[in-house]
Protein chains: 2
Amino acid sequence: MVILGKTMGIKKPFTEVIRANIGDAQAMGQQPITFLRQVMALCTYPNLLDSPSFPEDAKKRARRILQACGGNSLGSYSASQGVNCIREDVAAYITRRDGGVPADPDNIYLTTGASDGISTILKILVSGGGKSRTGVLIPIPQYPLYSAVISELDAVQVNYYLDEENCWALNVNELRRAVREAKEHCDPKVLCIINPGNPTGQVQSRKCIEDVIHFAWEEKLFLLADEVYQDNVYSPGCRFHSFKKVLHEMGPEYSSNVELASFHSTSKGYMGECGYRGGYMEVINLHPEIKGQLVKLLSVRLCPPVSGQAAMDIVVNPPVPGEESFEQFRREKESVLGDLAKKAKLTEDLFNQVPGVQCNPLQGAMYAFPRIFLPARAVEAAQAHTMAPDMFYCMKLLEETGICVVPGSGFGQREGTYHFRMTILPPVEKLRTVLQKVKEFHIKFLEKYA
Amino acid sequence: MVILGKTMGIKKPFTEVIRANIGDAQAMGQQPITFLRQVMALCTYPNLLDSPSFPEDAKKRARRILQACGGNSLGSYSASQGVNCIREDVAAYITRRDGGVPADPDNIYLTTGASDGISTILKILVSGGGKSRTGVLIPIPQYPLYSAVISELDAVQVNYYLDEENCWALNVNELRRAVREAKEHCDPKVLCIINPGNPTGQVQSRKCIEDVIHFAWEEKLFLLADEVYQDNVYSPGCRFHSFKKVLHEMGPEYSSNVELASFHSTSKGYMGECGYRGGYMEVINLHPEIKGQLVKLLSVRLCPPVSGQAAMDIVVNPPVPGEESFEQFRREKESVLGDLAKKAKLTEDLFNQVPGVQCNPLQGAMYAFPRIFLPARAVEAAQAHTMAPDMFYCMKLLEETGICVVPGSGFGQREGTYHFRMTILPPVEKLRTVLQKVKEFHIKFLEKYA
């Protein structure tokens, strides 16, 4: 909003601000999944259970959720860990997703969006005490929740760099370097992974995940797998592999020892229900004492929003073939994911046609993170404004086109490189226009500072 | 749940566990306010806006909320501080409540229940730095959120004792003593007040609030007023006075200088919508730099649940005379509050008929916090079980009657005194039975350990 403020009162060369800066699908016009909202409405106002305009399968889900709530109402507190039957549904979902690898409802914690889970578990892990400060490994570029929470907790942020030349892959040698150097001044205990990547959009190969798990096992690192984009995989040849599944398949030496927390959310995927703040974490091999602390910490805040828990239930327990709502659900889901795949390709192709812009394939998630090569004079002009060069670029882009994107410096990047993050959430035709405008802006920018 | 576990598998002398331990109205059978749920259902599933079974005033509210949401959907993120029009409605509510004392929407922050607001503001105030640790004054008995957050933040808990002999009144001389002693080992910076009291149920007089504000002004303490029970005042002669209003009426020397955060919630009052995790805080005279930190901290967690924000909107913007839903709303509201008032009196009267039990009037909130006089042999028996004596008492009560209450030691109490907290949320006739059972249990307990 500060950025927007700068342009207020001045006649603008655009008619509309396009907020391509945040992964907020419904704000960009994506329609909610009908079935999810039907169940939510039934839970909210149970009189509707008598209405013929709601399908039976939605009513069945709503009755089941309400029966598990105190006083059969979304208005009661749930257990701090979340409503029992919803945790069971999450566990069943994980088991299905991972081809039968079992999940225990007791290891599932419902959260206020994934952010809440991530910051809660980091708080527990960092507060462990010890002589030196706790080091937390995070990818660079990263989603800034991590750096913010690490700083809040007075832990040490340990950067490992993703390999831009290699489609933002995670290289275990780079992890090794980061840990080795970190050990000189802190105690590296946690390794955060974002897969599919935010802001970088890469999807990790099974081999890479194995390597990471082996490394975590060697170094006794707690693995924190941010898997909120697990439904958002577009590139042919890419598939989502959960850390949990790979861990299990690597055998008991790994699966009984490596500590892992993984996160999911109602906010991303094909449902984009950000506002409900629903999420879960699955935590395995957690030391019983730490688990006790976790439960205590969670209980202070009473419970996550029960409406968000209900939304999470529908995400993990959607209509299945044979149910009345299945066809419509399938159509809606495929339409959202199909469009995202189309837009991922379109964005990559169009960015790579712009001179001075290099964009890796958007294998997953919902962002492009192109590298922009800025002329020396533009860098000087930014410095004259005491701005990071990519911040300067993004400000100019906003002022001249109304397109709002986030400078790479907000996520971290190798020194001397510049990027921005743009969502691919605008509808296809609008996105095409946006990309065309960015292209024109970029060419003019290069000319101006040549 | 640990407590309940102890009784599992053993044949129990009761047929039902009565959870009188937590202020969870709907779990005890209270029905949601129809209007609130209608608006929420309309917001959740906007197709219902065409349904003739919903009243126009509910539709009007729903349309207004949706228009203020990104993509007209509860599924979008809101601004971190909350949806604009809801913050405006909160400000208008406060202005009405306080007889015209103005409230600025810019000072309103929507939160994930009041707990979130309280812990967030404490985090900001404690992280201020300085040589000695920050002291936070809290009443004893207190709601344990405070002690938990203070301990999490590694701040110093500074106890001031409420005056049980004087209906749990807050005595400024006791505040003075607490601050004087605290200054020897920490830097007291924050004064927390719970009014109406939890677990103690007292309603502070206007005079008392003035004295507290004057004291905070003298000592430059940040005032933190937990006013979530502002609608729950029962005793004739008692009235809720907001700290904000009294502060304003004390004149500019106070109203421009004393820093105050006050909290409200959807969870208590007559609506009891705990599960939605809605709440707000109003923060005045906050130092701009601290305000900047607050906004930054809030933005890390993206936003409070938008459904909870919508619920908060209905709490502050209910039907008014002349609107279609007003009569039903008024009836439902008065029925809940009327029953609570009846139950408050009933509970006080019945407890005071029991030998060895002393119960102050339940002027407000939704709890009784009777003092129980335990025989020396009961105290010894508890010690033999390495339990606090009131914990021992509550365990026995649960095992023998199925009634679940919370020992006073969970809230803090003067040494050598024992209490428990019991909600008055069960329906009137059920509450009467519960009280009768507690009486019989207590008499038997006294006999056993005489």
(message) Restricting things to Cα coordinates, could you compute the convex hull volume per residue of segment A:369-416 in Å³?
(response) 83 Å³
(request) As a check on your grasp of the helix formula, calculate [θ] at 222 nm for chain A: sum -39500 (n - 2.57) over DSSP H runs of n ≥ 4, divide by the residue count, round to the nearest 500. (result) -13500 deg cm²/dmol
(message) How long are the semi-axes of the equivalent ellipsoid of chain B, taking √(5λ) for every eigenvalue λ of the Cα gyration tensor, in whole Å from largest down?
(response) 36, 29, 20
(request) Place +1 on the Cβ of every Lys and Arg and -1 on the Cβ of every Asp and Glu in the protein assembly as shown, take the dipole about the Cα centre, and give the residue among A:PRO321, B:ALA378, A:THR423 whose Cα lies farthest towards its positive end. (result) A:PRO321
(message) Can you tell me, using C-alpha contacts under 8 Å and at least 6 residues apart, the relative contact order of segment B:154-254 as a whole percent?
(response) 26 percent
(request) Estimate the FRET efficiency between A:ARG206 and B:GLU219 by the formula 1/(1 + (r/R0)^6), using the beta-carbon distance for r and 51 Å for R0, to the nearest 0.05. (result) 0.25
(request) Could you tell me which of the pairs A:LYS296/B:LYS123; A:LYS396/A:LYS437; A:LYS131/A:LYS245 are separated by over 23 angstrom between their Cα atoms in the structure shown? (result) A:LYS131/A:LYS245
(message) With +1 assigned to the C-beta of every Lys and Arg and -1 to the C-beta of every Asp and Glu, and no other charges, what is the dipole magnitude of segment A:140-207 about the Cα centre in debye, to the nearest 20?
(response) 340 debye
(request) Would you mind working out the magnitude of the charge dipole of the protein assembly as shown relative to its Cα centre, with +1 at each Lys and Arg C-beta and -1 at each Asp and Glu C-beta, to the nearest 20 Debye? (result) 260 debye
(message) Which one, B:LYS296, B:LYS343, B:LYS244, has the greatest fluctuation when you compute a Gaussian network model over chain B with C-alpha springs under 10 angstrom?
(response) B:LYS296
(request) Answer rounded, prolate or oblate for segment B:64-316, using the Cα gyration tensor with square roots of eigenvalues a ≥ b ≥ c: rounded when a/c is under 1.5, else prolate when a/b is larger than b/c, else oblate. (result) prolate
(request) Quick one: pull the percentage of alpha-carbon pairs in segment B:201-358 with a separation above 24 Å. (result) 51 percent
(request) Return the percentage of antiparallel bridges among DSSP beta bridges fully within segment A:77-316, rounded to the nearest 5 %. (result) 40 percent
(request) Indicate the gyration tensor shape class of segment A:112-167 (rounded, prolate or oblate), computed on the Cα atoms with a ≥ b ≥ c the square roots of the eigenvalues: a/c under 1.5 is rounded; otherwise a/b larger than b/c is prolate and the rest oblate. (result) oblate
(request) Quick one: work out Rg over Rh on the C-alpha atoms of segment B:53-138, Rh as Kirkwood radius. (result) 1.11
(request) Return P(r) of segment A:342-448 (all Cα-Cα pairs; 5 Å bins starting at 0; whole %; ordered from short to long distances). (result) 2, 13, 24, 28, 20, 9, 4, 1, 0
(message) In whole Hz and in residue order, list the ³J(HN,Hα) couplings for segment B:299-307 that follow from phi through the Karplus curve 6.51 cos²θ - 1.76 cosθ + 1.60, θ = phi - 60°; x for Gly and Pro.
(response) 5, 4, 8, 6, 7, x, x, 5, 5
(message) With just the Cα atoms defining each centre, how far is segment A:143-183 from segment A:373-440? Give it in Å.
(response) 23 Å
(request) Among B:LYS333, B:LYS220, B:LYS11, determine the one that fluctuates most according to a GNM of chain B built with springs between C-alpha atoms less than 10 Å apart. (result) B:LYS11
(request) For the protein assembly as shown, build the charge dipole from Cβ charges (+1 Lys, Arg; -1 Asp, Glu) around the Cα centre, then report which of A:ASN72, B:GLN353, B:VAL258 sits farthest towards its positive end. (result) A:ASN72
(message) Loop only by DSSP, 16 or fewer other Cβ within 10 Å of the Cβ. Give me the GluC sites (Glu not before Pro) in segment A:173-232 that pass, ordered by residue number.
(response) A:GLU184
(message) If I build a Gaussian network model for chain A, linking alpha-carbon pairs within less than 10 angstrom, which residue out of A:GLN309, A:GLN202, A:GLN30 has the largest mean-square fluctuation?
(response) A:GLN30
(request) Would you kindly calculate the translational diffusion coefficient of segment B:284-360, applying Stokes-Einstein with the Kirkwood radius from alpha carbon pairs, for 25 °C and a viscosity of 0.890 mPa s, and quote it in µm² s⁻¹ without decimals? (result) 142 µm²/s
(request) Collect residues whose amide H, placed 1.01 Å from N in the peptide plane, falls under 5 Å from the amide H of A:HIS419; neighbours closer than 5 in sequence don't count. (result) A:ILE372, A:GLY408, A:SER409
(message) Taking θ = phi - 60°, what integer Hz values does the Karplus form 6.51 cos²θ - 1.76 cosθ + 1.60 yield along segment A:326-341, in sequence order, with x for Gly and Pro?
(response) 4, 4, 5, 4, 4, 4, 5, 4, 5, 5, 5, 5, x, 4, 4, 5
(message) For A:VAL156, what residues show an amide H to amide H distance below 5 Å, using hydrogens built from the backbone and excluding near sequence neighbours?
(response) A:THR134, A:GLY135, A:VAL136
(request) For A:GLU184, place a label point 7 Å out from Cα along the Cα→Cβ vector, do the same in each other copy, and report the separations in nm, one decimal, smallest first. (result) 4.8
(request) Note down the magnitude of the dipole of chain A about its Cα centre, charges +1 on Lys and Arg C-beta and -1 on Asp and Glu C-beta and zero elsewhere, to the nearest 20 debye. (result) 800 debye
(message) Can you compute 3J(HN,Hα) from phi for each residue in segment A:82-92, using the Karplus curve 6.51 cos²θ - 1.76 cosθ + 1.60 with θ = phi - 60°, rounded to whole Hz and x for Gly and Pro?
(response) x, 4, 3, 5, 6, 5, 5, 5, 5, 4, 5
(message) Which chymotrypsin sites (Phe, Trp or Tyr not before Pro) in segment B:366-443 sit in a loop by DSSP (not H, G, I, E or B) and have at most 15 other Cβ atoms within 10 Å of their own Cβ?
(response) B:PHE373
(request) Sort shortest first the distances from A:VAL428 to its counterpart in every other copy, using label points 7 Å along the Cα-to-beta-carbon line, and give them in nm. (result) 6.4
(request) Would you work out if segment A:315-381 is rounded, prolate or oblate? Take a ≥ b ≥ c from the square roots of the eigenvalues of the alpha-carbon gyration tensor; rounded if a/c is under 1.5, else prolate when a/b is larger than b/c, oblate otherwise. (result) prolate
(request) Between copies, how far apart are the A:GLU327 label points? List them in nm, one decimal, shortest first, with each point 7 Å from Cα toward Cβ, please? (result) 4.6
(request) Describe numerically, in nm with one decimal, the distance between label points set 7 Å from Cα along Cα→Cβ at A:SER132 and at B:ASP104. (result) 4.8 nm
(request) Using just the alpha carbons, could you tell me how many Å³ per residue the convex hull of the protein assembly as shown encloses? (result) 184 Å³
(request) Report, ordered by chain and residue number, the aspartates and glutamates lying within cross-link reach of B:LYS439, taken as a straight Cα distance under 14 Å and ignoring same-chain residues fewer than 8 apart. (result) B:GLU348, B:ASP349, B:GLU400, B:GLU447
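Quick note: the coordinates plus some simple rules give every number you see, no bench work behind them. Since this is a predicted model, take the numbers as computed values, not measurements. In this analysis, Cβ positions are derived from the backbone assuming ideal geometry, glycine residues included, and neighbour counts consider all displayed protein chains.
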